[in-house]
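*Asks:* Got a structure for you, written out below as structure tokens; questions coming shortly.
The values are calculated or read from the model by the stated rules, or taken from the named source; none is laboratory data. Since the model is a prediction, treat every value here as computed from it, not as a measurement. Please note: Cβ atoms are built from the backbone with ideal geometry, for glycine as well, and neighbour counts cover all protein chains shown. SASA here: full protein model, heavy atoms, side chains in, ligands and nucleic acids out. Shrake-Rupley method; radii C 1.70, N 1.55, O 1.52, S 1.80 Å.
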Amino acid sequence: MMENMLVTGGCGFIGSNFIRYLLGESDFEGRVINVDSLTYAGNPENLKEIKEKFGDRYVFVKADICDRERMDGLFDEYHPDSVCHFAAESHVDRSIVSPGAFIQANIVGTFNLLEASRNHQAQVELFHHISTDEVFGSLGKEGLFMEATPYQPNSPYSASKASSDHLVRAYHETYGLPITISNCSNNYGPYQFPEKLIPLVILNAMEDKPLPIYGDGLNVRDWLYVLDHCTAVWTIMKSGGRGETYNVGGNHEMENIRIVETICDLIDDLPAMKGKPSRRTLITYVKDRPGHDRRYAIDSTKLQRDLGWMPEESFQSGIEKTLAWYLEHSSWIERVRSGAYQDWIREQYEV
Ligand code: NAD
Ligand code: DAU
């Protein structure tokens, strides 16, 4: 019975969607302790209504997972019976420019949480680690990533995530820590920071700005609506085999250029765009990302067959919902892009 879950990175894109789902829509009846250091990507405004709605069932703690003593202290103070670990530096381009932060947050941070869990092993029923399909490297035209596919990470981001996955697995093998790991494909949906392809293109297209396509635009990603990732994580936490890894994917492979064209066409159809040239005219090919993985595609048969999970959202309905969300949240976008939400954070949390 998980009744007291420590969630890390709960103010980021997927973490905030997960907490909203867990408290509001799932059968979880306990308390969430959200531990987040509020980097540029962490925005407590993403969960603004949650405290009001759920009262004592939601606790926010501003803390850095790289602070080992603090993590141990939080386990002493809040006695979590489970950990769901999202916190990470998540953007590949940033990892190419400044890899150091990724080594700290993704490797050292995960190590600290594992140590805190090991020190409190009597109370920790499960450590669930959120990882990525990028650890498997790059596919050719054929084939899919399986759970047993050897790791071959190509960016500092994916190498740091691969390293954290190995640590989590090792803590199970060596210390018997009950763990599960999920390796998920590209997420999209509400609250995604507009440095990632889909929100970046939506916002630039609305503002007549260039839509940057790296290389030839034919790199392939496998897209999953964020809420489907959340249901997958909760399914794995409840019923996944301890020590097991599960791939999570949407069975929706698409070349980057097709994603961008789809968004352009949806925006062209908006009444506000009447009389304007097609958004496709904004597409601009730019220099490729160094070490750019060509193709990702996930086989999530194990999760579907063994645990009965299925993604619910089609790409078409998911991208329409996502576009609608960004169109309806212009003040969120303004604050996030201007960095003004960092002032809002200081006001709220006196940091
Ligand atoms: P995000 O960048 O939107 O959010 C990351 C969150 O972690 C932020 O709230 C940030 O403040 C927090 N954080 C970062 N460093 C921290 C630290 N040292 N201490 C405490 N908090 C810290 O990321 P996201 O896209 O929501 O990704 C969440 C997790 O899911 C990551 O582990 C990522 O590797 C994984 N993942 C992401 C995707 C995707 O498509 N976005 C796909 C598969 C897996
Ligand atoms: O596969 C899961 C991963 O998906 C997660 O682990 C990462 O945290 C997440 O950031 C994401 O990584 P990607 O590098 O695939 O996502 P991004 O949105 O940065 O890029 C998607 C594709 O679009 C990729 O092939 C690079 C390309 N791209 C990206 C940007 C930002 C462009 O062509 N132009 C752009 O401006």
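*Asks:* Could you list, bin by bin from short to long, the percent of Cα-Cα pairs of the stretch 1-153 in 5 Å steps?
*Replies:* 2, 9, 18, 20, 18, 15, 10, 5, 2, 1, 0
*Asks:* Angle, helix 315-328 long axis vs. longest principal axis of the chain, Cα atoms, 0 to 90°, nearest 10?
*Replies:* The helix 315-328 is inclined about 90 degrees to the chain.
*Asks:* With label points built 7 Å along Cα→Cβ from the Cα atoms of Ser278 and Ile96, find their separation and express it in nm.
*Replies:* Here the modelled spin labels are 2.8 nm apart.
*Asks:* Let me ask another. Note the angle between two axes, namely the Cα long axis of helix 109-119 and the longest principal axis of the Cα atoms of the chain, as a number of degrees from 0 to 90, rounded to the nearest 10.
*Replies:* With both axes taken from Cα atoms, the answer is about 20 degrees.
*Asks:* Take the Cα atoms of the stretch 70-173, find their three principal axes, and give me the spread along each one in whole Å, biggest first.
*Replies:* Cα spread of the stretch 70-173 along its principal axes, largest to smallest: 49, 30, 17 Å.
*Asks:* Another question about this same structure. With a 1.4 Å probe and all protein chains left in place, how much of the accessible area of the stretch 238-297 comes from carbon and sulfur atoms, in whole percent?
*Replies:* Carbon plus sulfur share of accessible area: 50 percent.
*Asks:* When Lys and Arg each count +1 and Asp and Glu each count -1, what net charge do the other residues less than 12 Å away from Trp223, Cβ to Cβ, add up to? All intermediate terms of the calculation are to be shown ahead of the outcome.
*Replies:* On the way: positive: Lys196, Arg221, Arg258; negative: Asp133, Asp222, Asp228, Glu253, Glu255, Glu313.
That works out to -3.
*Asks:* Tell me, what is the Rg over Rh of the chain, with Rh the Kirkwood radius over Cα pairs?
*Replies:* A ratio of 0.95.
*Asks:* Find the accessible area per residue for the chain; the probe is 1.4 Å, ligands and nucleic acids are left out, and the unit is Å².
*Replies:* Accessible area per residue, the chain: 42 Å².
*Asks:* If you project the alpha carbons of the stretch 122-174 onto the principal axes, what extent comes out on each, in Å, largest first?
*Replies:* 47, 22, 17
*Asks:* What does the charge count around Asp56 come to, taking other residues whose C-beta lies under 13 Å from its C-beta (Lys +1, Arg +1, Asp -1, Glu -1)? The partial results should precede the final answer.
*Replies:* Values: positive: Arg31, Lys51, Lys53, Arg57; negative: Glu3, Glu29, Glu52.
Summing Lys and Arg as +1 and Asp and Glu as -1 gives +1.
*Asks:* Summing Lys, Arg as +1 and Asp, Glu as -1, what charge do residues with Cβ under 14 Å from the Cβ of Leu139 carry, Leu139 excluded?
*Replies:* With Lys, Arg at +1 and Asp, Glu at -1, the net is -4.
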